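In what follows, a single structure is set out as structure tokens and then discussed.
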Amino acid sequence: MKRTLVTASLMAAGLFSLPTLAADIEVSVTNLTHGNHFTPILIAAHDADSHLFQVGTEASAALQKMAEGGDIADLDAAVTGNAGVTSANPATGLLAAGANVSGVMLDTGDNTHLSIVAMVLPTNDAFMGLDGWEIPTEAGTYTMYVNAYDAGTEANDEIINGGGMSGVPGIPAAPGGDGGANGTGVMDNSDNSNVHTHPGVLGDMDPAGGMSDLDSRVHRWLNPVAKVVVTVK
């Protein structure tokens, strides 16, 4: 009883407050690139200790599957298996350049942090990612600009060959039908095997050869690659 009275007094004086949990949020994601697509997006609310990825650390097997082939199933299962909540593939497929998916509702419950990922196509292992953003407890609209990261799991050879399985070199596809063929491969001597900021693609302007199967006029980007708007209800 005494403790209750002390707590009530502190709260009345503005010196102490009980934690307020996040509740309903609405999320929208916009693709800001010139000519790249996002594979199925995963939006996840989770606790403070959970991460879909962390810059400067080695990619998990689940992250590698998403970054190299767009498969979000294992990341989704990891979040929901740890009492998190997700919206998996809210755009019902690829999100084209300039397009957005909006009105994605999440009841976050006891979860306090938000993460969002999707592979960037056509690339070897690039993904757009928001890592563990603390969801405000105050109602309002919050806007973030999100970078692309390199999973560090595959050399950026920029060769389109249908490779989308983990550990298989190459790019699955150019969804816009604007990729080339017969590229000799971009030399990538990077020894950073941890998740890091993606340097962007080089590309070339030879659709039938050259060093890259990507078009430098279409597929190159500068960060940020996505706009995320979160409305806390």
Original post:
So what J values fall out for the stretch 30-45 if you push phi through Karplus, 6.51 cos²θ - 1.76 cosθ + 1.60 with θ = phi - 60°, rounded to Hz, Gly and Pro as x?
Top reply: 10, 7, 9, 6, 7, x, 10, 10, 9, 6, x, 8, 10, 10, 9, 9
**OP:** Once you've got the GNM for the chain with C-alpha springs shorter than 10 Å, pick whichever of LEU114, LEU95, LEU222 has the biggest mean-square fluctuation.
**Re:** LEU222
**OP:** Among ASN156, ASN182, ASN124, determine the one that fluctuates most according to a GNM of the chain built with springs between C-alpha atoms less than 10 Å apart.
**Re:** ASN182
Original post:
Tally Lys/Arg at +1 and Asp/Glu at -1 over every other residue whose Cβ is under 12 Å from the Cβ of ARG217; what's the total?
Top reply: -3
Original post:
Kirkwood hydrodynamic radius (Cα pairs, Å) of the chain?
Top reply: 18.7 Å
Subject >> Using a Förster distance of 25 Å, the FRET efficiency for ASP24-ASP74 (Cβ separation, nearest 0.05) >> reply: 0.40
Original post:
Okay, helix-only estimate at 222 nm for the chain: each DSSP H run of n ≥ 4 adds -39500 (n - 2.57), divide by all residues, round to 500 deg cm²/dmol; what do you get?
Top reply: -3500 deg cm²/dmol
Original post:
For the Cα atoms of the chain, what angle does the longest principal axis make with the long axis of helix 2-12, in degrees from 0 to 90, nearest 10?
Top reply: 60 degrees
Original post:
So, in Å, what gap is there between the alpha-carbon centers of the stretch 172-216 and the stretch 56-108?
Top reply: 24 Å
Subject >> Stretch gain in nm, segment THR137-ASP191, where the contour uses 0.36 nm per residue and the Cα spacing is subtracted >> reply: 15.4 nm
**OP:** Identify which of ASP150, ASP215, ASP191 has the largest mean-square fluctuation in a Gaussian network model of the chain, with springs joining Cα atoms closer than 10 Å.
**Re:** ASP191
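Any read-out appearing in this document is the output of simple, stated calculations on the displayed coordinates, not a laboratory observation. The shown structure was predicted, so the numbers you read here are calculated from the model rather than taken from an experiment. Glycine also receives a Cβ, built like all others from the backbone with ideal geometry; neighbour counts cover every protein chain displayed.
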